[in-house]
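Below is one structure, written out as structure tokens, with a few remarks after it.
The values are calculated or read from the model by the stated rules, or taken from the named source; none is laboratory data. Predicted, not measured: the structure shown is a model, and the values here were computed from it. Reconstructed Cβ throughout: ideal geometry from the backbone, glycine too, with neighbour counts over all protein chains shown.
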Amino acid sequence: MPSFPTKVVIREVGLRDGLQSIQTTLPTARKIEWIRDAYDAGQREIEVGSFVPARLLPQLADTAELLDFAKTLPGLFVSVLVPNLKGAERAIDAHADLLLVPLSASHAHSLANLRKTPDEVIAEVARIRAARDAAGSTTLIEGGIGTAFGCTLQGAVDQREVLRCMQALLDAGADRVSIADTVGYANPAAVRELFDKARALAGERFWCGHFHDTRGLALANVYAALDTGVARFDATLAGIGGCPHAPGASGNASSEDLAFMLADMGIDTGIDIERLLALRAKVAQWLDGENLHGTLSLAGLPRTFPARTLAASPDVAPLHSAVNA
């Protein structure tokens, strides 16, 4: 039997990675309702938006207001994405718990998406670290390495380049690093190999996997990453999102499908799945006409599910342990 983490965090990124990829612009009040309902469902890490110019992403223009609200919820770890030093300074001033700086290991994707080379992004992280330290801030800096398994623009991405970028981000002052399969090129064998090497390089500072379901492998890739000891994954409610360089593809791993898979494996996420499904139904109404994904909302929870989730109790052994004993 693989040795999986006993607890896993699902970081909800639908309010950023999901909404930035669709046409609908949700009113701020509904986004606040989303955050509150996700919190009530047990989610304790939420990426609420991105500090980018409103003219580029009007869907995320209210990030500062959402961050202010999210910080009022006890125990909620609030993150934002920032593309540069200016965005990072706004995140630091707003007391975000974490700011994520995206880096594409694919040089072609990096230039198309960020208008910077990977090494220019790394240099920006060093400037962000200096600004954070000068401000006496406790905001954590995460370097997120995207297109780690390949890219629609460049094709293959060398694993050695991913690891080089990871080491360089840590050397530049990133507190955490993560790996993303931005366009859904990963497979479980490739995930296990790269994540093993990333864990050996960064240890506990490598703390998150981000998988897209472009070709239906997001949950399989999560399973492979779990086997390497990673215990935090990004996901979006209803699987919304995607990448502009992979048109027509499915979006991110679905938060509700991932929460169900983990709970059914006896892994504690702290999430009330029925409440999360109720929130998904609400968001689906708000995003009427947009492409939504995921299957749990269609099939529902199996009748055996409550019995299986007793495995989350320390006094009850997971069902699969008894079966495979």
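Summary of computed values
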quantity: Among residues of the range 125-137, those that are surrounded by fewer than 21 Cβ atoms within 10 Å (Cβ to Cβ) and closer than 24 Å to ASP234 by Cα, counted; calculated: 1
quantity: Residue in the range 52-59 that is modelled with pLDDT under 95 and in contact with an Asp or Glu (Cβ under 8 Å, 6 or more places away or on another chain) present; calculated: no
quantity: Which listed residue is in contact with a strand residue (DSSP E or B) (Cβ under 6 Å, 6 or more places away or on another chain) and of a type in the set (A, V, I, L, M), from ALA231, ALA198, ALA220; calculated: ALA198
quantity: Residue within the range 129-136 that is touching a Phe, Trp or Tyr at 6+ places or on another chain (Cβ under 6 Å) and either in a helix (DSSP H, G or I) or not hydrophobic (A, V, I, L, M, F, W, C) (or both) present; calculated: no
quantity: For THR295: the one exception among (1) surrounded by fewer than 22 Cβ atoms within 10 Å (Cβ to Cβ); (2) under 18 Å from the mean Cα position of the chain (by Cα); (3) of a type in the set (S, T, N, Q); calculated: (2)
quantity: Every pair of residues 6+ apart whose Cβ atoms lie under 9 Å, when the first sits in the range 59-87 and is over 24 Å from SER21 (Cβ atoms) while the second is of a type in the set (Asp, Glu) and modelled with pLDDT of 95 or more; calculated: LYS71/ASP97; LEU85/GLU124
